[in-house]
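Inspection log for the structure reproduced underneath, given as structure tokens.
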Amino acid sequence: MVAEFDDAAGWTAEAVEELGIQYAIPAACRGSASPGALAWLAEACELSAGTRLLDVGAGAGGPAAWVAEQFGVRPVLLEPMQAASRAAARLFGLPVIAADGARIPLRTASMDAAWCLGVLCTMEDKAALLGEINRVLTPGASLGLLVVVAQSPQCLPVPEGNYFPTQDDLEALLDRTGFTLIEQTGRHATPLSWSRRVDQVRGVIAARHRSAEAYELAARQAECLSRLFATNQVSLELIHAVSLSRGSRARGR
């Protein structure tokens, strides 16, 4: 997981600095979030100028930078990996809190909305993560998720460090942690211009780091995940959920 989410983030920042800032957002989205997906989440969550958006597991900051540029939100990034945190600050100058999502160092009800993109499926204790996100959101606030969902519990082989929920698991988890699922959609197509820039960044990274053990580990992870998508064992889902009111949460417990 360090190879995939930390080492690769640092290498991405280096490659972007060589190629140009126009490569920053596509590369820092790590290929999982496209403009169409991010736009759907931003519109679904009704983000607007000045919205305090917490991006949990923000990585190198690509999605947060995109939504700040397009919608004028005020993102706060939460990222436990040191190289990824440095890359986000280095590429976009965004505020980054280096902390784990299961213990978010923010006040209760201090954020207007939250995103958690490609992170939930890497957590064993998903309820702890979602419970903490719910705590820091104002009642009725939106949560945007990008989740790899397994078609059945027997989805194999799974890339190391991933714990894909089924659709039923995901819906039950959201309900248990104080969220109502509002809407959901599948993966959006990625424009060729975006993919081309991502591929160029990957080319620079490969030329520099192909012999590194971390590069080989990250490549194996990506290859395993690609096979799961190709065989329709998993799908990439966009989720819009809403935090319940304090009273509703209390009654649910």
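The values are calculated or read from the model by the stated rules, or taken from the named source; none is laboratory data. Note that this is a predicted model, so its numbers are computed, not measured. So basically every Cβ, Gly included, is an ideal-geometry build from the backbone, and we count neighbours across all protein chains shown.
What are the pairs with Cβ atoms under 9 angstrom where one residue, in region 170-192, is in contact (Cβ under 8 Å) with a residue 24 or more places away in the chain and within 14 Å of Leu41 (Cα to Cα) and the other, located anywhere, is in a helix (DSSP H, G or I) and polar (S, T, N, Q)? Sequence gap at least six, or different chains. Taking only residues 6 or more apart or on different chains, the pairs are Gln184/Gln167. Looking across Val96, Val158, one residue alone is hydrophobic (A, V, I, L, M, F, W, C) and either touching a helix residue (DSSP H, G or I) at 6+ places or on another chain (Cβ under 6 Å) or within 23 Å of Ser48 (Cβ to Cβ) (or both). It is Val96. When the helices (runs of 4 or more DSSP H) confined to region 143-231 are screened for residues that are small (Gly, Ala, Ser), those reaching at least 2 such residues are found at 192-209, 213-230. Entry remark, region 96-109: residues being within 14 Å of Val56 (Cα to Cα), at pLDDT 95 or above and loosely packed, with under 15 Cβ neighbours inside 10 Å number 1 in total. Of the helices (runs of 4 or more DSSP H) lying entirely inside region 31-101, those containing at least 1 residues that are more than 16 Å from Ala9 (Cα to Cα) span 35-44, 62-71. Test Asp168 against the stated conditions and say whether it is of a type in the set (Asp, Glu) and either crowded, with 18+ Cβ neighbours inside 10 Å or touching a His at 6+ places or on another chain (Cβ under 7 Å) (or both). No; evaluated as a whole, the condition is false for this residue.
Kindly evaluate Val147 against the criterion of being under 15 Å from the mean Cα position of the chain (by Cα) and of a type in the set (Val, Ile, Thr). Considered against the rule, which asks whether it is under 15 Å from the mean Cα position of the chain (by Cα) and of a type in the set (Val, Ile, Thr), Val147 comes out as yes.
Checking each residue in region 100-124 for being farther than 24 Å from Thr166 by Cα and polar (S, T, N, Q) picks out Thr108, Ser110. Could you say which residue among Arg86, Arg74, Arg90 is in contact with a Lys or Arg (Cβ under 6 Å, 6 or more places away or on another chain) and surrounded by fewer than 24 Cβ atoms within 10 Å (Cβ to Cβ)? One residue alone meets the criteria, Arg74. Of all residues in region 119-151, which are touching a Ser or Thr at 6+ places or on another chain (Cβ under 6 Å) and under 20 Å from Pro95 (Cα atoms)? Hits for region 119-151 are Val136, Leu137. When Leu244 is tested against (1) surrounded by fewer than 18 Cβ atoms within 10 Å (Cβ to Cβ); (2) touching a residue at least 12 places away in the same chain (Cβ under 8 Å), only condition (1) is not met.
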